[in-house]
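Below is one structure, written out as structure tokens; comments come after it.
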Amino acid sequence: MALSSPGLGSGLDVNGLVSQLMVVERRPLAALDTKEAKYQAQITAYGSLKGALSSFQSAVAALSSPEKFSAVNASIADATIGTATASSDATAGTYALEVQTLAQAQKLKSATFAATSTGVGTGTLTIQFGTYSGGTFAPNAGKAVQTITIDAAKSSLAGVRDAINAANAGVSANIINDGTGNRLVIAAKDSGVANALKIMVSDDDQNNTDNTGLSQLAYDASAGGTTNLTQTVAAQNATLIIDGITVSKASNTVDDAIGGVTLNLLKSNTPGATTLTISRDVAGVQTTVQSFVNAYNNLNNTITNLSKYNAATKAASILTGDAAVRSIQAQLRSVFNTPLSSAGGGLNTLADIGITFQKDGTLKLDSGKLGTVLADPTKNVGSLFALAAKPTDSLVSYVSSAADTKDDTFSLNISQIATQGRAFADRIAGLTITSGNNDTLSLTVDGVPASIALSSGVYSAAALAAEIQSKVNGVPAFATAGVGVVVTQSAGVLSITSNRYGSASAVAITGGTSKVDLFGTAIETAGVDVAGSIGGIAATGSGQELTGTGNASGLVLHVNGGVTGFRGTVGHARGYAYTLDKLVGKLLANDSLLDGRIDGMGTSIKNIDKQREALARRLDLVEKRYRAQFSALDGMIASMSKTSSFLQQQLANLPKAGSLQQ
């Protein structure tokens, strides 16, 4: 009969013996736990390293723009007059500033209407912008004519307001109740005398000048014009005096009076003047460079803490000797130790501005040396940090480059300057436009056909050119296609020029009742693309942009006119911040070395889990075997104990048996 409890028959501590044996058998499990804990610690360490790299990348990415290192401060002594900002190309200096008038946008009001639902009329409103002077209206050539359709569904006062606002025609409309009735107020969105409004009406009641129907909204303040609206605010330019020079601008935001400086005018201060100061932001550049040093040092400290070895305690860090860490350090050091031979800012290494490595692997900034460099106008600190591509020719500008564009200095030769498509009249234009007689013109610009209707009147040659330009640029098909023109006149001879450059640019006068009077048999010339070479290798031209090949592959330059022949050089260099940003981006990519290590650790942990499961199954079998063996031993010992007891009893009875025989 089997024993119900191990050891009862033999007195052996079977459970204790098996437990002690299993402790020894489970030692491989403990080793797996230790190995898994190490992998988990390494994954955590790699995660910390990735976090530090990500923070470093954010810091250097913010420093990879040239503007960070060429900031300019602008301030107005009397801040109530206005505010000022400056771009990196502004020149330091001080200016006396007097604001005489602020710019205003014209506003017009209608007569009163009983309610916002009161009907006004149907037809079309044609809005033109321009200047009133001496009883004449000169169209603003830079503003397209806008036409708004007012149908029956929009014929109420509120409907007209909504239709005007929905048209995005350069004006806004509101309704104001002045206590006697509701007035429609139409305001130009842009200020300035050249943005005064001329509102022409095509009234469905067939009378475009009376004071009924849609004609109530007509406004033409030129001599003989219809003014059914009343001006409440006149169009006015901002007038200011800068260092004794009178400046007149259409807007209170003046960004083209002083190079690189934008003024936002708030009020006048005439008579009198305040001071406008433009200065280089040296302190800001110092802070920017120091932030670069700090960002690297923070990364270096993280790497050091994760990989250092304490010789005194003979204790290694979790990533001591790790190949991935060593590779990252080597790649970072390689960037720092590579001079920028084509930076073009008079600086080639970080040491040139006082940034050097210390014995502990950190960077240190010598602010005094940096200050000296910043005070030198021939030096450009930004070229050390940002992607720099600076042409020596002032009419050539850098557009972009590609990943495979080499850092080098490239020569630039231009064999053909880009031109625009043009149509020239072969005669002096007739200046009288008569409705139904010679008031239409058909043309095709950059492959897009359209027709326009000119306003009747007797024009000067300049006013006629402006009329044609504003009408052409107001064609919806042209606006949709991004097509635009400039119309000019010379001694009364008109020409229309496409705004586009290159082989896609062309202007053709195709017909219309005014074709012969204005252009005769037009002389039409298509545009051509810029052509030339970059770095001695033929480049590809498109419009005014020239794209390099070979070592200059992907380098795009904008050639804004000039002459053919040698046009100087272009130095292309990826600065330290830019290069480090791209390097760290690769180190953090999904298929990067770090991700590979982390994925490897994850795979190892999964393998450990499998080993642990297999070992657990084996241990179950081992324990069962031990218990079976000890159970058998227990039974054997129990049986032997019984035999021993029986023998002892028999032996004990032997003397008694002998005495009985005697």
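Working note: Cα gyration tensor of region 232-340, eigenvalues times five, square-rooted, sorted largest first, giving semi-axes of 61, 14, 14 Å.
Given N residues in region 38-165, what is its alpha carbon radius of gyration divided by 2.2 N^0.38 Å? Present the calculation step by step, with values, prior to reporting the outcome.
Working: Rg = 29.4 Å, N = 128, 2.2 N^0.38 = 13.9 Å.
Working it through for region 38-165, the quotient is 2.11.
Between Ser495, Phe336, Leu102, the Cα set farthest toward the positive side of the dipole of the chain (charges on each charged residue's Cβ, about the Cα centre) is that of Phe336. On a per residue basis, the convex hull of the C-alpha atoms belonging to region 420-525 measures out at 78 Å³.
Put a plus charge on the Cβ of each Lys and Arg, a minus charge on the Cβ of each Asp and Glu, and nothing anywhere else: the dipole of the chain about its Cα centre is then about 3180 debye.
Length gained on full extension, Ser604 to Thr434: 52.3 nm, using 0.36 nm per residue less the C-alpha separation. For region 299-450, the square roots a ≥ b ≥ c of the C-alpha gyration tensor eigenvalues yield an a/c of 1.5 or more together with a/b exceeding b/c, which makes the shape prolate.
Please give me, ordered by residue number, the trypsin sites (Lys or Arg not before Pro) of region 408-513 that lie in loop per DSSP and have at most 16 other Cβ atoms within 10 Å. Walk me through the intermediate numbers first.
Working: sites: Arg422, Arg427, Lys471, Arg500; in loops: Arg427.
The qualifying sites are Arg427.
Each of Thr212, Thr246, Ser317 was scored by the projection of its Cα onto the charge dipole of the chain, and the greatest displacement toward the positive side belongs to Ser317; charges sit on the C-beta of Lys, Arg, Asp and Glu. Rounded to the nearest 10 degrees, the inclination of helix 593-661 to the longest alpha-carbon principal axis of the chain is 20 degrees.
With the cut-off at 20 Å, tell me which of the pairs Lys314/Lys606; Lys189/Lys249; Lys35/Lys610; Lys38/Lys606 have Cα atoms farther apart than that. Beyond 20 Å between Cα atoms: Lys314/Lys606.
Please give the FRET efficiency for Asn177 paired with Ala526, using the beta carbon to beta carbon distance and R0 = 51 Å, rounded to the nearest 0.05. According to the calculation, E is roughly 0.35. Per the Cα gyration tensor, region 282-386 maps to an equivalent ellipsoid with semi-axes of 32, 15, 10 Å, ordered largest to smallest. Principal-axis analysis of the Cα atoms of the chain puts helix 14-25 at an angle of about 50° to the longest axis. Placing +1 on each Lys and Arg Cβ and -1 on each Asp and Glu Cβ, with no other charges, gives region 282-386 a dipole about its Cα centre of roughly 280 debye.
Taking amide H as placed 1.01 Å from N in the peptide plane, the amide H of Arg280 sits under 5 Å from that of Asn73, each at least 5 places away or on another chain.
When the Cα positions of Ser455, Ala402, Thr378 are compared along the charge dipole of region 331-463, Thr378 comes out farthest toward the positive end, with charges on each C-beta of Lys, Arg, Asp and Glu. Note on Lys515: lysines with a C-alpha under 19 Å away, same-chain residues under 8 apart excluded, are Lys471. Pairwise inverse Cα distances across region 148-279, averaged and inverted, put the Kirkwood hydrodynamic radius at 17.7 Å. Taking amide H as placed 1.01 Å from N in the peptide plane, Thr131 has its amide H under 5 Å from the amide H of Ala138, Asn140, each at least 5 places away in sequence or on another chain.
Across region 517-623, Cα-Cα pairs farther apart than 17 Å form 75% of the total. Averaging 1/r across all pairs of distinct Cα atoms in region 344-383 and inverting the result yields a Kirkwood radius of 10.6 Å. Rounded to the nearest 20 debye, the dipole size of region 350-507 about its Cα centre is 100 debye, using +1 on the Cβ of Lys and Arg and -1 on the Cβ of Asp and Glu.
None of the figures in this text is laboratory data; all of them are computed from the coordinates on show. Not measured: the values here are computed from a predicted model. Methodologically, a virtual Cβ is constructed for each residue, glycine included, from the backbone with ideal geometry; neighbour enumeration extends over all protein chains shown.
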